[in-house]
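Okay, so here's the structure we're looking at.
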Amino acid sequence: MSSRSIHQGLTKYALLGLAGMGVVMHSAHAQAPMTSLNIYSARHYPTDEALYSDFTKSTGIKINRVDADDAGILNRLKAEGTASPADVILLVDAARLWRAEVDGLFLPIKSKTLEAAIPENLRAKRSDTGGIAWFGLSTRARVIVFDKLKFKKSDVDTYEKLADAQFKGKLCIRSGSHPYNLSLFGAMTEHLGPQATEAWLKGLVANMARNPTGGDTDQIKGVASGECGVAVTNSYYLARMMRSANPADKATIEKVGVVFPNQGTWGTHLNIAGGAVARHSKHTDNAVRFLEYLASASAQNHFANGNNEWPAAKGVSFDNAALKAMSGGNFKSEVLPISAVGMNQIKVQQMLDRVGFR
């Protein structure tokens, strides 16, 4: 993403190490008025630009943005301490949000608008203040793709079946330590218990067609090429390929089927992208206002149509044909507290180490 002029109203301390972290500060104005907002974002999606500009147009609040990966943002917040200019933190994945909350990087949020819009299981309640630590703002399903010539949907209609002997040498999946998988495995721990989950993870390792490598798109392509028979991916990667005009992507999609697992039991695992107010925010009212905007129908539709994510807010409809096609228009999702899933990540990582899941 190209750099824009750096907002002069941010403190000099907040700008130290900018180049070393690979982050970019965005702003279209040379001075920082009182109606400004500083956002640290791990959302690396160009389509989000419209969200920021629409918010500014409707409120007059200018946005300055730091873009980095989740780990970079958390490290930056810790290094900046009370000097941090951050107001809003946008992270991708429940495990990362949980880590930031545990590290004391968020302020409690009290907003009737957000609490009315976002389901209780997609937010984390603080035990110390009664406020909310963070809210999920969009969701993505962890789905299974399969080779349509070799398998049928009923072969892979649960996550548990991925450990079956019929898939020996046929499973492709990214690193077990990636937050997308840590969250899925954390959810499985809630559903099955630690002992059964570890046995299941051992079965996944035994069934791998190759060592975990690449991202979710690589797993989909592995199935299409015949290197894998089944794979696990976040839904928005699949939807992106379904909407692509690239002939290679179209050919890949023709060869794979998709399953939303566990429709007969607890439902398909959902992960989230979420937001919080930074602990040392200087513009807390504007920060909450921005999060409320992201829960609005217009912003939620943008998440769906712009980045192929499902809305987190209740009762929001959307027009993304790829999302509707892959899910048949509707699917059952799990209703575990997403914060509980995040809390399992340390336990899950220990399991992964024991079973040799890289």
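The values are calculated or read from the model by the stated rules, or taken from the named source; none is laboratory data. What you are looking at is a predicted structure, and each value in this text was computed from that prediction instead of being measured. So basically every Cβ, Gly included, is an ideal-geometry build from the backbone, and we count neighbours across all protein chains shown.
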>> Condition check: within 17 Å of the chain's Cα centre (by Cα), surrounded by 16 or more Cβ atoms within 10 Å (Cβ to Cβ), at pLDDT 95 or above and not aliphatic (A, V, I, L, M). Does Arg174 satisfy that?
In response: yes
> Can Ala187 be described as assigned to a helix (DSSP H, G or I), hydrophobic (A, V, I, L, M, F, W, C) and free of Cβ contacts under 8 Å to residues at least 60 places away in the same chain?
Replying inline: no
>> Only one of Thr59, Thr82 is at pLDDT 90 or above and out of contact with any His (no Cβ under 7 Å at 6 or more places or on another chain). Can you tell me which?
In response: Thr59
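Does any residue of the range 295-302 turn out to be over 15 Å from Leu51 (Cα atoms) and assigned to a helix (DSSP H, G or I)? Can you show your working first?
Residues of the range 295-302 that are over 15 Å from Leu51 (Cα atoms), as a first pass: none.
No, that holds for no residue.
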> Among the residues of the range 115-129, is any hydrophobic (A, V, I, L, M, F, W, C), out of contact with any helix residue (DSSP H, G or I) (no Cβ under 6 Å at 6 or more places or on another chain), surrounded by 20 or more Cβ atoms within 10 Å (Cβ to Cβ) and outside the structural domain of Gly306 (by TED's automatic domain parsing)?
Replying inline: no
>> Being touching a residue at least 60 places away in the same chain (Cβ under 8 Å) and not aliphatic (A, V, I, L, M) is the requirement here; does Lys202 meet it?
In response: yes
> farther than 26 Å from Trp98 by Cα and crowded, with 22+ Cβ neighbours inside 10 Å: does that describe Val277?
Replying inline: no
> Would you call Ala86 closer than 14 Å to Gly275 by Cα, over 19 Å from the mean Cα position of the chain (by Cα) and buried (at least 23 other Cβ atoms within 10 Å of the Cβ)?
Replying inline: yes
> Across the range 39-60, what is the total count of residues that are over 19 Å from the mean Cα position of the chain (by Cα), closer than 26 Å to Ala100 by Cβ and of a type in the set (Ser, Thr, Tyr)?
Replying inline: 2
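Take Asn286 and decide whether it is touching a Lys or Arg at 6+ places or on another chain (Cβ under 8 Å) and either in a helix (DSSP H, G or I) or in contact (Cβ under 8 Å) with a residue 12 or more places away in the chain (or both). Break it down into steps so the answer makes sense when it comes.
On the way: touching a Lys or Arg at 6+ places or on another chain (Cβ under 8 Å): no; either in a helix (DSSP H, G or I) or in contact (Cβ under 8 Å) with a residue 12 or more places away in the chain (or both): yes.
Here the answer is no, as Asn286 does not meet what is asked.
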> Out of all the residues in the range 49-64, which are of a type in the set (D, E, K, R) and out of contact with any Leu (no Cβ under 9 Å at 6 or more places or on another chain)?
Replying inline: Glu49, Asp54, Lys57
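If a residue counts only when it is among the charged types (D, E, K, R) and touching a residue at least 24 places away in the same chain (Cβ under 8 Å), which helices (runs of 4 or more DSSP H) contained entirely in the range 311-358 have at least 3 such residues?
Filter on the range 311-358 gives an empty set.
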> Of the conditions (1) buried (at least 19 other Cβ atoms within 10 Å of the Cβ); (2) under 17 Å from Asn344 (Cβ atoms); (3) touching a Phe, Trp or Tyr at 6+ places or on another chain (Cβ under 7 Å), Trp200 fails just one. Which one is it?
Replying inline: (3)
> Residues of the range 300-358 being modelled with pLDDT under 90, crowded, with 17+ Cβ neighbours inside 10 Å and closer than 19 Å to Ile144 by Cα, which ones?
Replying inline: Ser327
>> Criterion first (at pLDDT below 95 and surrounded by 22 or more Cβ atoms within 10 Å (Cβ to Cβ)) does Tyr180 satisfy it?
In response: yes
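Under the condition of being touching a residue at least 60 places away in the same chain (Cβ under 8 Å) and of a type in the set (Lys, Arg), which residue from the range 119-151 is farthest from Ser235 (Cα to Cα)?
Filtering first and then ranking leaves Lys125.
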> Does Ala273 satisfy the condition of being under 30 Å from Lys62 (Cα atoms), in contact (Cβ under 8 Å) with a residue 40 or more places away in the chain, out of contact with any helix residue (DSSP H, G or I) (no Cβ under 7 Å at 6 or more places or on another chain) and not in a helix (DSSP H, G or I)?
Replying inline: yes
> Given the structure, is Phe303 of a type in the set (Phe, Trp, Tyr), touching a residue at least 60 places away in the same chain (Cβ under 8 Å), within 28 Å of Ile220 (Cα to Cα) and not assigned by TED's automatic domain parsing to the domain that holds Asp103?
Replying inline: no
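Could we say that Ala295 is under 22 Å from Ala340 (Cβ atoms), of a type in the set (A, V, I, L, M) and over 15 Å from the mean Cα position of the chain (by Cα) here?
yes
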